[in-house]
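Each remark here refers to the structure printed beneath this line.
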Amino acid sequence: MNIQTQIRRTAAEEALLEACAVRADGLPGDARVREKRARAVELLKRGLPNRKVEIWHYTDLRRLLSAVPAFDPTAHATPREPLLAGAAVLPVLNGVAGKAPVPAGVTATSLAERLADGSEAALLEPADAHDTVAAVNAALAGDGLALDIAAGAVVEQPIELQNVHAGGQAHTRFAVRAGAGARATIVERQTGEGQALVSSVSHLEVGEGADVAWLIVQEQPAETTHLGQINVRIGKDAKLTLFVMNTGGKLVRQELRLVAEGEGSKFRLRGVNLLSGETHCDVTMVLDHAAPATVSTEIIRNVVTGRAEGAFQGQIRVARDAQKTDAKMACNTLLLSDEGSFSAKPELEIFADDVACGHGATVTEIEGDHLFYLMARGIPEKTARGLLVKAFVAEVIEELEHEPAIEALEARLDAWFAEHG
Amino acid sequence: MLEIKNLHARIAEDGTEILRGVNLTVKAGEVAAIMGPNGSGKSTLSYVLAGREDYEVTEGDILFNGGSILEMDPAERAAAGLFLAFQYPMEIPGVATMEFLKVAINAQRKARGQEELKIPELMKRVREAAQSLEMDMGMLKRPLNVGFSGGEKKRAEILQMKLLEPRLCVLDETDSGLDIDALKVVADGVNALRSPDRAIVVITHYQRLLNYIVPDSVHVLYKGRVAKSGEKDLALELEKNGYAGLVGEAA
C-alpha cells in the first residue's frame, strides 16, 4: 500500500506551475538567473502556504487563492495620470517596462537587462521556504525597472513607478538604489483592470545619510490578486519613510521586509488600509533593527466596511548589539460594519537589553458623541461619518511632510469614501 | 415657535425615565430661561430637542414652527433652524475647525435650497464673527475643540451659532467654566442674536448668566417637569430662596 505524502494540488497551484512551465523559456536570464528560477519553481511545487505557516496565519494563501488566470497576450494596459501632480511616470505595462524620461541624477535600466546579464540573480533568492511572494515573482517576472539615484542627488520631482495590468498575469520587479546623501520621493503605484494575478517585488537600498520617501499605493480592481513585496536596507544615518495605502484588490498580500543595518538609521512606516466589499488585505512587516541607535515608528490605520477582512502583522526584531533601539508600533482600526474584521499581531523579539520598544492595537467604531455633534450642526449622517473616517486616517497621511502627496492621498481617501462609505 | 407638549423621554439604554411630562411654549422673539437643580432633566431636555439617539421619546410631542420634529434626525433639525450650544462640546481630532464650519454651513444652506458659500465669503463671515467674540483666527486652524480651554470651547459654540443663524437657539449651561470676562463676551454674542423672529432657550443652573442675558420668561424644571413658570423675577427668587422653597411649593 502506498502512503500518500503529497497533498493534492489545488487548481490554483496547478495553474501557477503551468504558468511557470509555459513562461520559463521566454523569460530573459543567464545561467545564474535560470538556476534561481528553477529553485523558485521547486519551492512553489511544495504547495502554497496555509494558515499553519505562522507568517501566513491570517492569509491562508492555499485556500484564498481560488484561481490563477492564464497570461493574456492580448491585454493592453495604458499608463495613468500620475498620482502626484508633476511626477515623472515610469510605466510598467503588463509586466513590461516602458520608456520614459527620468529626472536629473537618476539612471533607469530595464530589469530585463539585469536579468539577461545576471546582475539581478542574487535578488531572486527567496528569504526562506515560506517566501512565496518572492518565489512567484522570481519564477515569472521578466521585466521591471532599476533606478540608480546618484550620491548627493536631490531629486525634487517625484518619481512614480507605475505598474499597470490589463488582466491575466503581470509580474514586475523594481530595484532602486539611493546613493549616499541622495533625496527622493518615489511612488509605487499598483493598479489595473480586470481579473488578474499580479506580483510585484521591489528592492530598495537607502545609502548612508540618504533620505527617501517611498509610497506604495495599491488600488487594484476588486477581481485582482496582488502579491507585493518590498525589501529594504537602510544605511547609516539614513532616513526612510515608507507609506502604504491599500484601497483595492480581491486578495492582497503586502510584505515589507526591512533591515535597519546602518547605525543611527531612522525608519517610519505609515499605513492606511481602506477595505471594502469582499477584500482580503494583509500587510506583513518584518523589521530587523540590526545596528545600534536605530529608530523606528510604525502606525497603521485601517477602515473596514462590507465583508472585508484585513490583517497587520508587525514583527520587530532587535539584534543583540542593536542597543539604544527605539521602536514604537501602533495599529488602529475603525470598523464600519459588523461583517468586516481586522486582525493585528504585533510581535517584538528583543535580544538587546538597552532598548525602548512598545506596541498597541485598538479596534473602534465611530464615536456616537462625535457623530451627534457633527449632525447637530446640520451635517448629514453620511457626510459626518465621512469626516470622522477621514479624520481617523488623515492624521497619518498628514505626517508625510510632502504637500502634493498629502493632497493626492486625501483625494484618494475622499474618492474611496464616496464609493464605499 | 417651540411647543413642547407633555414630553416624556427616557434613556434608551436602560429605560430610566428622565422627562415626565414637560410642557413649555416659547414664542418667536422670546428668551426663555430654564433653571433647575442637578438631575432635574435640563441637559436631557436639550439633547432630546436636538435629537440625540441615546434618548427615547415615549409620549408627547415637540413642535417647531408648528410641525413635529420627533421623526427628524439631528442634522435635519439643525437644517430646520435648531441649534444646541453644548455644555461640553466634543473634541474631534483630525477635523480642522475651519473645514468643519465650511461643511456645516454649506450642508445647512444646501438643505434649505440656498447656494453654497464660496471660500472668500465664508472666510469673511468667520473672521467677523470671530472678532466679535474676541477669538484668535489661529484657533480655527486647529482640530475642532481639541486642546481648547473651557472658555474657548464655549466661544467656539457661540461662533458656530452666529454663523449658522438658527431660528431657535438652545444654550445648555453656557456659563459653566467661564470667568466673568468670558461670560460677558459670550452673553454679548447671544444678545446680538436676539431678534423678533428668533427664540432663545437658556438652560442654566445659576442666575448669574441671566444678569447678562435677560430672559422674558423663566421656567423651573424639577423632576422632569416644569414645576413653575414666571417672569425674570422668578430667577432672582430662586437665587435667594434656593430650589428647596420651590420644591415645597410644587409638592
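The values are calculated or read from the model by the stated rules, or taken from the named source; none is laboratory data. Bear in mind the structure is a predicted one, so any value in this text is a computation, not a measurement. Ideal geometry is used to build each Cβ from the backbone, glycine not excepted, and the neighbour counts take in all protein chains shown. Surface accessibility is based on the protein's heavy atoms, side chains included, excluding ligands, DNA and RNA. Shrake-Rupley method; radii C 1.70, N 1.55, O 1.52, S 1.80 Å.
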Pairs of Cα atoms under 8 Å, at least six residues apart: use those to get the relative contact order of segment A:367-421, whole percent. 32 percent
Over chain A, calculate the relative contact order: mean separation of alpha carbon pairs under 8 Å at least 6 apart, over the residue count, as a percent. 10 percent
Calculated from backbone phi, Karplus (6.51, -1.76, 1.60) coupling profile of segment A:73-82 in Hz, x at Gly/Pro: x, 8, 4, 10, 8, 10, x, 10, 4, x
Whenever you get a sec, compute what percent of the accessible area on chain B sits on carbon and sulfur atoms (1.4 Å probe). 48 percent
Just add up the charged neighbours of A:ALA166: K/R +1, D/E -1, any other residue whose Cβ is under 9 Å from the Cβ of A:ALA166. -2
What does chain B give for Rg and for Dmax, in Å, if only its C-alpha atoms count? 17.9, 57
Please give the residues of segment B:75-117, grouped as numeric ranges, whose backbone N is less than 17 Å from a label point set 7 Å along the Cα-to-Cβ vector of B:ASP136. B:97-98
Residue-averaged [θ]222 nm for chain A, counting only DSSP H segments that reach four residues, each worth -39500 (n - 2.57): -6500 deg cm²/dmol
Among A:SER276, A:SER202, A:SER337, whose mean-square fluctuation peaks in a Gaussian network model of chain A (Cα, cutoff 10 Å)? A:SER337
Set of lysines with alpha-carbon distance to A:LYS345 below 25 Å, sequence-local pairs under 8 removed: A:LYS52, A:LYS250, A:LYS266, A:LYS324, A:LYS328, A:LYS390
Among A:ASP143, A:ASP131, A:ASP321, whose mean-square fluctuation peaks in a Gaussian network model of chain A (Cα, cutoff 10 Å)? A:ASP321
For segment A:367-421, the per residue accessible area (1.4 Å probe, Å²) is 41 Å²
At 10 °C and 1.306 mPa s, what whole-number value in µm²/s does Stokes-Einstein give for the translational diffusion of segment B:195-251, with Rh from the Kirkwood sum over Cα pairs? 132 µm²/s
What residues qualify as long-range amide H neighbours of B:ILE69, i.e. H under 5 Å apart, gap of 5 or more or another chain, H built at 1.01 Å from N? B:ILE62, B:PHE64
Helix B:97-111 axis, angle to chain B major axis (alpha carbon atoms, nearest 10°): 70 degrees
Calculated FRET efficiency, A:SER66 and A:ALA104, Cβ-Cβ r, R0 35 Å, to nearest 0.05? 0.15
Per residue of segment B:68-79, what does 6.51 cos²θ - 1.76 cosθ + 1.60 with θ = phi - 60° give for ³J(HN,Hα)? Whole Hz please, x for Gly and Pro, Karplus curve as stated. 6, 10, 4, 8, 8, 7, x, 5, 5, 5, 4, 5
For the interface of chains B and A, what total accessible area is buried with a 1.4 Å probe, rounded to the nearest 100 Å²? 1900 Å²
Accessible-area value, B:ARG109, 1.4 Å probe, nucleic acids and ligands omitted, Å²: 50 Å²
When chain A is modelled as a GNM with alpha-carbon springs shorter than 10 Å, which of A:PRO73, A:PRO82, A:PRO221 fluctuates the most? A:PRO73
Here the percent of antiparallel bridges among DSSP beta bridges lying wholly in chain A, to the nearest 5, is 5 percent
Return an integer: the convex hull volume of the alpha-carbon atoms of segment B:16-113, in Å³ per residue. 141 Å³
Would you jot down the residues in segment A:324-371 that end up with at least 10 Å² less accessible area in the complete protein assembly than in the chain alone, with a 1.4 Å probe? A:ASP369, A:HIS370
Within a 10 angstrom radius of each residue's Cβ in B:77-90, how many Cβ atoms of other chains show up on average? Whole number is fine. 3
In Å², and per residue, what accessible area does chain B have when probed at 1.4 Å with the other protein chains present? 44 Å²
Amide H neighbours of A:ILE350 under 5 Å, at least 5 residues apart or on other chains, H built in the peptide plane: list them. A:VAL318
Calculated P(r) of chain A - Cα pairs past 43 Å, %: 9 percent
